[in-house]
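*Asks:* Mind looking over this structure? Questions follow.
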Amino acid sequence: MKSNPIESNDNNSPESSKDSGQSFLNALVLGLGNILLSDEGVGVKAVKELQDRYDFSGAVEFVDGGTMGFELLPYFEGRSHIIIIDAVKAGNAPGTIVKIDDPPGYFSSKTSPHQIGLADVLGIAAMTGDLPQNIALYGIEPKQFSTGLQLSEEVAQNLSHLIDMVADELKAIGIKVQPKNKQLS
């Protein structure tokens, strides 16, 4: 299991992410976490904010996976790409954005209750051939998992950057991504 802190000028190769072994795009962006436990809910909040800020082509589906487990399995079927967004405990400073090179390996460590089920889902998807070659995990190192709806200051400060990075990843694989026009009042 390897995590890489992400710098602001990340140079992921679009060529490698486009080679899914499939001739179509059918991407899933999956936000995970419990919004009642502060930073634990960052994945769910990121997916909502991503949809609020950008318009996307029909080749991508956004799912609030919350703390689901096996219920997520149907969402993996037939995907060319999966991007998971979650709080990621990788031993970095709170608020650090990371990209995990091996999401199934990372989730097998079962770092939180919802990830226990996701580790099993990823394993089953791999065994049934429903786990695409292109799967990425973007996350932010959490500061706290205390009861509360607000993200810690460190996580909240980097949430916007994480959202932009996921939008850039979607662009790199061929998804049309357009910023939404905000009307001035």
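We did not get these values from a lab; they are worked out from the coordinates using the rules stated. The structure presented is a predicted model; accordingly, all values stated were derived computationally and were not measured. A quick note on method: Cβ atoms are made from the backbone with ideal geometry, for glycine too, and the neighbour counts reach across all protein chains shown.
*Asks:* Over segment 117-185, what lengths in whole Å, largest first, do the semi-axes of the equivalent ellipsoid take, defined as the square roots of 5 times the eigenvalues of the alpha-carbon gyration tensor?
*Replies:* 28, 23, 10
*Asks:* For segment 30-151, what Kirkwood radius comes out of the mean inverse Cα-Cα distance, in Å?
*Replies:* 14.5 Å
*Asks:* Then there's this: Can you compute the modelled spin-label distance between ASP102 and ASN181, with each label point 7 Å from Cα toward Cβ, in nm?
*Replies:* It is 4.8 nm.
*Asks:* Going by average Cβ density within 10 Å per residue, which order do the peptides 83-90, 132-139 take, highest to lowest?
*Replies:* In descending order of packing, they fall as 83-90, 132-139.
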